[in-house]
Amino acid sequence: MTIILKTDPNNPDPLILDKAAKILRSGGIVAFPTETVYGLGGVVYNEDAVKKIFWAKKRPIDNPLIVHVSSLSMLEEVAVSIPEKAYLLIERFWPGPLTLILPRNPKVPRIVTSGLDIVAVRMPAHPVALGLIKKTESPIAAPSANLAGRPSPTSAEHVIRDLYGRVDAIIDAGETIYGVESTIINILTKPPTLLRPGAFAVEDLERVLGEKIYIPSFARGLGEAEHAIAPGMKYLHYAPEASIILVEPASQNIESMVEKIKTLASSYLEKGVRVCVVASTETIEKYTSLKIPILNIGSRSNMFEVARNLFKTLRKLDDLGCIIAIIEGFEERGLGLAVMNRLRKASREIIHV
Ligand code: TXA
Ligand code: MG
């Protein structure tokens, strides 16, 4: 049985938070909104609750969970030997979509970190998430509230679609704000390493740190679709049912990207395959002659909008019954890095033009 608890995102109903906190304290698991995506939480110290999270999501147990805190004292309960650099970022960016990799306090069960001696911690900025952690009076382990491999949920409807009947409660407080997950930084390496680009741009973190952050190619989402042995053989993330073909424009050569997408879409149409295109505000008009579903992911000049629409758009492809979805690529600057990471990881094929 899953109960749905509806509340206002900005002024969460204290009775709703009490109810959800009570479920968490008694070992249950609850999906709740954060400013990035919905999370599926359990009390970090309750191993059975953490096991239920892995089970509900069908998540492999070697993929560790982020620990969510609502205060610095809670942070110091789950991590030890926290470097000065971490506090530099924390002062400026918490609460907010920044996750830091820190040495694990042995109090945190190993199942949370998949056996690692490091723990990922963040303080979310969403009033419902913060309020819930405070009321529960415990750090909360929470991955994104989607079935493993599916696009992350940016609304309660997405969570209901994936997890209804598999979790104890879902707090519905409407759409999330950023639409992509938190930025994950390993602050223990020299220089710090980006493990996942996310809602806070790397450039902004570098400015506060006063040093460059190392960006490995996996953080750009490279090395998966490219190295696929055969299409469909690799492990997909963030992926809808539709097969995604990503067309990346070199040095923002938008014209040839559009031409390539039109040619590709026509060839699938001729074969009778239901093909859809994900375009941007600037290019959407150029595809109308194809007479196929064209989705607008947002404006090229507003990556905040594109990020916000990203997972919602991927899920919409399935609602439309698209078999093949051809998606435009974006520039890897600011939030564009997170958008391209997610798109590449969701793709079956990447074409450069
Ligand atoms: O915005 C977010 O971060 C959302 C909301 C719910 O807070 N959470 C989220 O969690 O995206 P999840 O589980 O979907 O992604 C967490 C990522 C995974 O790629 C995982 O491998 C990595 O963080 N991670 C977690 N703990 C780690 C650790 N100890 N060391 C290295 N990576 C870790
Ligand atoms: Mg996830």
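From helices alone, the chain scores -9500 deg cm²/dmol at 222 nm; the rule is -39500 (n - 2.57) for each run of n ≥ 4 DSSP H residues, then divide by the residue total.
In the chain, the DSSP beta bridges split such that about 35 percent are antiparallel, to the nearest 5.
Relative to the longest principal axis of the Cα atoms of the chain, the long axis of helix 14-25 lies at roughly 80 degrees. Rolling a 1.4 Å probe across the protein heavy atoms gives the stretch 243-352 an accessible surface of 40 Å² per residue. Against the main long axis of the alpha-carbon atoms of the chain, helix 336-346 sits at an angle near 80°.
Listed by chain and number, the lysines placed with their C-alpha closer than 29 angstrom to that of K22 are K6, K51, K52, K57, K58, K107, K134, K135; residues fewer than eight positions away on the same chain are left out.
Straight-line reach from K286: taking Cα to Cα under 12 Å and skipping same-chain neighbours fewer than 8 places apart, the aspartates and glutamates in range are E255, E259. When a 1.4 Å probe is rolled over the protein heavy atoms, the share of accessible surface on the chain that falls to carbon and sulfur comes to 54 percent. 3J(HN,Hα) along the stretch 144-153, derived from phi through the Karplus expression 6.51 cos²θ - 1.76 cosθ + 1.60 where θ = phi - 60°, amounts to 4, 8, 10, 5, 3, x, 8, x, 5, x Hz, with x in place of Gly and Pro. Sites listed here are trypsin sites (Lys or Arg not before Pro) in the stretch 266-349 whose DSSP assignment is loop and whose Cβ has at most 14 other Cβ atoms within 10 Å: K271, K291, R333.
Ordered from largest to smallest accessible area (heavy atoms of protein chains, 1.4 Å probe), the residues Y238, Y287 come out as Y238, Y287.
Full extension of the segment from R220 to L116, taken as 0.36 nm per residue of separation minus the current Cα-Cα distance, would add 35.1 nm. The H on the amide N of I3, modeled in the peptide plane, is under 5 Å from the matching H of A169, I170, each at least 5 residues off or on a different chain. The trypsin sites (Lys or Arg not before Pro) of the stretch 117-196 include none that meets both conditions, a loop assignment by DSSP and at most 12 other Cβ atoms within 10 Å of the site Cβ. Which of the lysines could a cross-linker bridge to K190, judged by Cα under 26 Å and excluding same-chain residues fewer than eight apart? Counting by Cα, and skipping residues close in sequence, K190 has these lysines nearby: K85, K212.
Averaged over its residues, the stretch 68-210 has an accessible area of 35 Å² per residue, based on protein heavy atoms and a 1.4 Å probe. Cut-off 10 angstrom, C-alpha nodes, Gaussian network model of the chain. Which of V258, V78, V112 fluctuates the most? With Cα springs under 10 Å in the chain, the top fluctuation among V258, V78, V112 is at V258.
The values are calculated or read from the model by the stated rules, or taken from the named source; none is laboratory data. Please read all numbers here as calculations on a predicted model, not as lab measurements. Here the Cβ is made from the backbone with ideal geometry for all residues, glycine too, and neighbour counts use every protein chain on show. For the accessible areas, the whole protein counts, side chains as well, though only heavy atoms, and no ligand, DNA or RNA atoms are used. Shrake-Rupley method; radii C 1.70, N 1.55, O 1.52, S 1.80 Å.
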